[in-house]
Amino acid sequence: MAPATAKGEATRAFLLQTAARLFAERGYTGTALSDLIAASGLTKGAFYFYFPSKAALALAVLRDQQERWLGHVGKRILSAGTAVEQFRALAPVMLELLASEPGAW
């Protein structure tokens with residue numbers, strides 16, 4: 001369920017970014033729910049308003065990262081001319097994305 005307000009959507013997006021960073025740094029099993037709540041600055045109740053569990057948050061992070069990755073890489077690759085040029089552009093674009101957003105992997 002998507003939040004009904006712009007503020008709610010911004011909070012949800014912040015939670016996704018925070019979780020992506022923590023999962024990238026510590027791994028899923030190394031990140032406790034209390035770590036996610038502390039890093040977000042939200043109360044436990046506010047966290048549960050957006051995600052019913054750590055697993056649900058992790059799935060949302062994966063979906064969000066996939067959409068962002070496909071959007072970024074797809075746009076850059078498709079701007080290259082031929083199929084060969086698109087293939088050659090793939091690795092540098094992926095490396096650039098990983099360097100700028102470590103949580104993207």
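The values are calculated or read from the model by the stated rules, or taken from the named source; none is laboratory data. Not measured: the values here are computed from a predicted model. Glycine gets a Cβ as well: all are built from the backbone with ideal geometry, and neighbour counts include every protein chain shown. Accessible surface is based on the protein model in full, side chains and every heavy atom, while ligands, DNA and RNA are left aside. Shrake-Rupley method; radii C 1.70, N 1.55, O 1.52, S 1.80 Å.
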Qualifying positions in the stretch 56-74 - exposed (fewer than 11 other Cβ atoms within 10 Å of the Cβ) and either under 15 Å from residue 36 (Cβ atoms) or among the acidic types (Asp, Glu) (or both): 67
Criterion: of a type in the set (A, V, I, L, M), under 14 Å from the mean Cα position of the chain (by Cα) and under 26 Å from residue 7 (Cβ atoms) - qualifying residue of 70, 57: 57
Pair list, Cβ < 6 Å and 6+ apart or interchain, from the stretch 19-38 residues that are touching a residue at least 40 places away in the same chain (Cβ under 8 Å) and within 17 Å of residue 63 (Cβ to Cβ) to residues that are in a loop (DSSP other than H, G, I, E, B) and among the β-branched types (Val, Ile, Thr): 23/31
Residue 41 within 29 Å of residue 5 (Cα to Cα), surrounded by fewer than 16 Cβ atoms within 10 Å (Cβ to Cβ) and out of contact with any Gly (no Cβ under 8 Å at 6 or more places or on another chain): yes
Scope the stretch 75-99; condition open to solvent by less than 60 Å² (accessible area, probe 1.4 Å) and within 30 Å of residue 32 (Cβ to Cβ); matching residues: 97
Test for residue 22: is it open to solvent by 30 Å² or more (accessible area, probe 1.4 Å) and modelled with pLDDT of 85 or more: no
